[in-house]
Amino acid sequence: MKLKPIVAVFSLSLLAACTIHNSERASRPQSTAVHPSLVEMEEVMADQPQQLLPDPAKRRYEMKLMAQPVAGINASVRPPSEPLDRENYAHFKDNPLKRAAEFPVSTFSIDVDSASYANLRRILNEGRLPPMDAVRVEEMINYFNYEDMAAEQRDTPFGITTEVAANPWNPETKLLRIGIKAWQPRQSEMPPANLVFLVDVSGSMHSPDKLPLLKRSLRLLSRSLDADDRVSLVVYAGASGVVLEPTPGNKRATIEQALQQLSAGGSTNGGAGIRLAYAKAREAFIEGGINRVILATDGDFNVGTVNHQALIDLIKQQRQAGIALTTLGFGGGNYNDHLMEQLADQGDGNYAYIDSLMEARKVLVRELGATLQTVAKDVKIQIEFNPEYVTEYRLVGYENRLLAREDFNNDKVDAGEIGAGHSISALYEISLSGSTGQRIEPLRYAQGQVSSVGKSDELAFLKLRFKHPGETESELIETPILASQIVQDLSSSSDDFRFAAAVAAFGQSLRGGKYLKDMGYDEMIELARGARGNDPDGERVEFVRLLGLARDLSPMKPQANFEQTAVVQ
């Protein structure tokens, strides 16, 4: 296969309960035709496919009006069309400070998702600040590409870079950045792909930023496929159906014709759709290739049995059978961010949010290899701080990726995957011994014993575990982080360091800025603007623009969640 500059794969829709256990593979069918009369497609549509079912909030509102005396009803009153409180984000708290003498070890799974940044960009462009739980700082940082040293061969799938320099939001502490850059295979080395697009065509997908954008996005992806790739198209709404049987990737006219016929209507029942999508993925399974379902949806389930645990169990089973799941989010108002993230995590895939055709091009064309081809799985990071040098530390972001210390050496514990060419960064804020940046009183009876092994010039010791795709035993990479690496002057640090710090400051500010001291938007803008570096696609320039927009909106306090900010009718 030669998945052109992009890696073709994305399947939209969100689901509800399901279970399948069979992972047997059939030979790939050669049919390239769209189903003659789209009988199965027609089953997806309700009797009136363009008519949206009444929104639950509208029904409650109308019942409330009917309960009032007739004289009290104003003819101009209209129910809200998209109440804000229907967006769903998982609540979490920022990582706390820890004393190195008491808790010297920090362990977490990597995260390659980028959905949080694109979603908050959508919200800012709507003229409001995002709810705090929509802001995952690590996804903001990892949205951008960093020019760290990459691995040159598949055997060691990524290079590791460490930097320590002054902290722009607190001059009394330092920042440690850990950078990982995945191996990038040549185009000729890309394996063939078996992609199943699972698309939500329910009534909630009717708006221009949902199904119409989704169709244009998939067309971009389809133009990057070759004859040895396979594409299937499954849809779901009130029922599910196959719109396109497994088809060679070079049959672009056939693929685009199938996409063009999609329209939104009916209620959402994703469970049947995901089962059917996995069945098609098994049918066209490519041994040694990329086998992936791409779910595209807003995640709004309103009909059928929505058993999320059964759905997650199904996705785990298919993951173990070699079929991964990527989720692509669209639209707002009823968006289910929490479920989209969960499904991608359990499916050994990545989660992206598509708010524009430019974002679709980034995810599905420019970064197609990173989106589709996994070069290392179950990637875990563990860092042990030397209490002789480091008194306190705090991991910035990754709150829902934390692992127990013992999980690091347990190969049965699932962790994050990294795709071809991906850049990953993690930041720690650290207080050094003798500095004035310490904020936690030491224990009265603490025994500050420090190992004699390598304690001379080591700030910390970094360990990274990973598995090669298809393997069950992990490999270990180790490297010390030395006190001699500290750069005292922030301006002397790398562009990547300073830019990542600016993004981290912005994310923390949107979450309330508990640890930010006096750093404001003007300082963030100045820092980011001076660290744009190599920015061929203008993403860092756009970030500076978003900082300015957030500054102008900043009199509005960061919102705790949509429920608290919904307009009371």
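Among the residues of segment 133-153, the ones that are over 11 Å from the mean Cα position of the chain (by Cα) and acidic (D, E) come to 4 in all.
If you check G397 against the conditions, is it modelled with pLDDT under 95 and closer than 24 Å to A165 by Cα?
When the stated conditions are applied, G397 does not pass them.
Against the conditions (1) modelled with pLDDT under 95; (2) under 29 Å from E359 (Cα atoms); (3) touching a strand residue (DSSP E or B) at 6+ places or on another chain (Cβ under 9 Å); (4) among the charged types (D, E, K, R), D489 satisfies every one except (2). In segment 172-181, is there at least one residue being farther than 30 Å from I477 by Cβ and touching a residue at least 12 places away in the same chain (Cβ under 8 Å)? Taking every residue of segment 172-181 in turn, at least one turns out to be farther than 30 Å from I477 by Cβ and touching a residue at least 12 places away in the same chain (Cβ under 8 Å). Whenever a residue of segment 287-300 is within 12 Å of I274 (Cα to Cα), its partners that are aromatic (F, W, Y) and assigned to a loop (DSSP other than H, G, I, E, B), lying with C-beta atoms within less than 7 angstrom and at least six residues away or across chains, give the pairs I294/F10; A296/F10. Does segment 367-380 contain any residue that is modelled with pLDDT under 95 and on the phi > 0 side of the Ramachandran plot? Taking every residue of segment 367-380 in turn, none turns out to be modelled with pLDDT under 95 and on the phi > 0 side of the Ramachandran plot.
When S263 is tested against the conditions (1) among the polar types (S, T, N, Q); (2) at pLDDT 95 or above; (3) more than 19 Å from G419 (Cβ to Cβ), the lone failure is (2). Here the condition is being under 14 Å from N119 (Cβ atoms) and not small (G, A, S); of L328, L368, it holds for L328 alone. Are any residues in segment 236-263 among the β-branched types (V, I, T) and under 21 Å from V363 (Cα atoms), and if so, which ones? Correct list: I255 only. In segment 172-216, of all residues being in a loop (DSSP other than H, G, I, E, B) and β-branched (V, I, T), the one that is nearest to P469 (Cα to Cα) corresponds to V201. Among the residues of segment 525-541, what is the count of those that are farther than 16 Å from S493 by Cα and without any contact (Cβ under 8 Å) to a residue 60 or more places away in the chain? Number of matching residues: 5.
Take L176 and decide whether it is surrounded by 24 or more Cβ atoms within 10 Å (Cβ to Cβ) and more than 21 Å from G273 (Cα to Cα). Judged against the criteria, L176 is a match.
Check S431, S491, S425, S456 and return the single one that is among the small types (G, A, S), closer than 27 Å to P168 by Cβ and surrounded by fewer than 14 Cβ atoms within 10 Å (Cβ to Cβ).
Sole residue among the options that is among the small types (G, A, S), closer than 27 Å to P168 by Cβ and surrounded by fewer than 14 Cβ atoms within 10 Å (Cβ to Cβ): S491.
Residues in segment 191-205 that are over 23 Å from S224 (Cβ atoms) and at pLDDT 90 or above: V201, M205. Across segment 95-131, what is the number of residues that are surrounded by 17 or more Cβ atoms within 10 Å (Cβ to Cβ) and of a type in the set (D, E)? Number satisfying all stated conditions: 2.
The values are calculated or read from the model by the stated rules, or taken from the named source; none is laboratory data. Predicted, not measured: the structure shown is a model, and the values here were computed from it. Heads up, the Cβs are rebuilt from the backbone with ideal geometry, glycines too, and the neighbour counts pull from every protein chain shown.
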